[in-house]
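The values are calculated or read from the model by the stated rules, or taken from the named source; none is laboratory data. None of the values given here were measured: they were computed from a predicted structure. Here the Cβ is made from the backbone with ideal geometry for all residues, glycine too, and neighbour counts use every protein chain on show. We work out accessible area using only protein heavy atoms, side chains counted, and drop any ligands, DNA or RNA first. Shrake-Rupley method; radii C 1.70, N 1.55, O 1.52, S 1.80 Å.
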Amino acid sequence: MATQQEFESAVERSKTLTERPSNDVLLQLYALYKQGSEGDVNTERPGGFDFKNIAKWDAWKKLQGKSQDEAIAEYVQLVNELASK
(Lines give C-alpha, C1' and ligand atoms only; values in the text may rest on other atoms or scores of the structure.)
Protein backbone atom coordinates (compact mmCIF):
# COMPACT_ATOMS: atom_id res chain seq x y z
CA MET A 1 0.00 0.00 0.00
CA ALA A 2 1.10 3.52 -0.74
CA THR A 3 1.36 6.15 1.96
CA GLN A 4 -0.42 9.50 1.94
CA GLN A 5 2.94 11.16 1.29
CA GLU A 6 3.55 8.93 -1.76
CA PHE A 7 0.05 9.79 -2.99
CA GLU A 8 0.64 13.53 -2.64
CA SER A 9 4.00 13.19 -4.37
CA ALA A 10 2.37 11.27 -7.24
CA VAL A 11 -0.28 13.99 -7.58
CA GLU A 12 2.46 16.59 -7.99
CA ARG A 13 4.39 14.40 -10.46
CA SER A 14 1.24 13.85 -12.52
CA LYS A 15 1.19 17.59 -13.23
CA THR A 16 4.68 17.51 -14.74
CA LEU A 17 4.50 14.47 -17.05
CA THR A 18 6.50 15.05 -20.21
CA GLU A 19 3.90 13.35 -22.41
CA ARG A 20 0.17 14.07 -22.17
CA PRO A 21 -1.71 10.84 -21.39
CA SER A 22 -4.64 9.73 -23.52
CA ASN A 23 -8.13 10.81 -22.50
CA ASP A 24 -8.84 7.30 -21.17
CA VAL A 25 -5.75 7.43 -18.95
CA LEU A 26 -6.65 10.95 -17.80
CA LEU A 27 -10.11 9.69 -16.79
CA GLN A 28 -8.50 6.78 -14.94
CA LEU A 29 -6.17 9.16 -13.10
CA TYR A 30 -9.09 11.41 -12.19
CA ALA A 31 -11.25 8.54 -10.96
CA LEU A 32 -8.46 7.00 -8.88
CA TYR A 33 -7.62 10.41 -7.41
CA LYS A 34 -11.24 11.08 -6.45
CA GLN A 35 -11.74 7.58 -5.04
CA GLY A 36 -8.47 7.82 -3.10
CA SER A 37 -9.14 11.27 -1.71
CA GLU A 38 -12.92 11.23 -1.21
CA GLY A 39 -14.11 7.62 -1.41
CA ASP A 40 -17.26 6.59 -3.27
CA VAL A 41 -18.93 9.14 -5.52
CA ASN A 42 -21.00 11.51 -3.40
CA THR A 43 -22.57 13.88 -5.92
CA GLU A 44 -25.37 13.79 -8.45
CA ARG A 45 -24.45 12.82 -12.00
CA PRO A 46 -24.10 15.94 -14.14
CA GLY A 47 -26.86 16.39 -16.66
CA GLY A 48 -27.49 18.07 -19.95
CA PHE A 49 -24.63 18.53 -22.37
CA ASP A 50 -21.81 18.62 -19.80
CA PHE A 51 -20.10 15.67 -21.51
CA LYS A 52 -16.68 16.21 -19.94
CA ASN A 53 -17.97 16.17 -16.38
CA ILE A 54 -20.36 13.31 -17.16
CA ALA A 55 -17.38 11.23 -18.36
CA LYS A 56 -15.39 12.12 -15.24
CA TRP A 57 -18.33 11.29 -12.95
CA ASP A 58 -18.94 7.95 -14.74
CA ALA A 59 -15.26 7.00 -14.44
CA TRP A 60 -15.34 7.73 -10.69
CA LYS A 61 -18.65 5.87 -10.26
CA LYS A 62 -17.10 2.72 -11.79
CA LEU A 63 -14.70 2.59 -8.83
CA GLN A 64 -17.50 2.57 -6.24
CA GLY A 65 -16.69 0.07 -3.52
CA LYS A 66 -12.92 0.21 -4.05
CA SER A 67 -11.19 1.18 -0.83
CA GLN A 68 -9.40 4.49 -0.64
CA ASP A 69 -6.14 2.64 0.12
CA GLU A 70 -6.50 0.53 -3.03
CA ALA A 71 -7.26 3.58 -5.15
CA ILE A 72 -4.26 5.45 -3.73
CA ALA A 73 -1.96 2.50 -4.44
CA GLU A 74 -3.25 2.18 -8.01
CA TYR A 75 -2.94 5.93 -8.58
CA VAL A 76 0.69 5.97 -7.39
CA GLN A 77 1.50 2.93 -9.55
CA LEU A 78 -0.10 4.49 -12.65
CA VAL A 79 1.73 7.81 -12.20
CA ASN A 80 5.01 5.92 -11.71
CA GLU A 81 4.40 4.03 -14.97
CA LEU A 82 3.55 7.23 -16.85
CA ALA A 83 6.55 9.08 -15.42
CA SER A 84 8.95 6.32 -16.50
CA LYS A 85 7.94 6.60 -20.18
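Structure data summary
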{"read-out": "Lysine pair number, Cα distance threshold 17 Å (strictly under), the chain, separation 8 or more or different chains", "value": "10"}
{"read-out": "Difference of contour (0.36 nm per residue) and Cα-Cα distance, K66 to R13", "value": "16.8 nm"}
{"read-out": "About the Cα centre, charge dipole magnitude for the chain (Lys/Arg +1, Asp/Glu -1 at Cβ), debye", "value": "300 debye"}
{"read-out": "For K34, net neighbour charge (Lys/Arg +1, Asp/Glu -1) across residues whose Cβ lies under 13 Å away", "value": "0"}
{"read-out": "Among 54-61, 22-29, 69-76, 38-45, the order from most to least packed when residues are scored by Cβ within 10 Å on average", "value": "69-76, 54-61, 22-29, 38-45"}
{"read-out": "Contour excess over end-to-end distance, with Cα ends at M1 and E81 and 0.36 nm allotted per residue", "value": "27.2 nm"}
{"read-out": "Heavy-atom accessible area per residue - the chain, 1.4 Å, Å²", "value": "67 Å²"}
{"read-out": "Taking only Cα atoms of the chain, radius of gyration then Dmax in Å", "value": "12.9, 38"}
{"read-out": "Carbon + sulfur, % of accessible area of the chain - ligands and nucleic acids excluded, 1.4 Å", "value": "48 percent"}
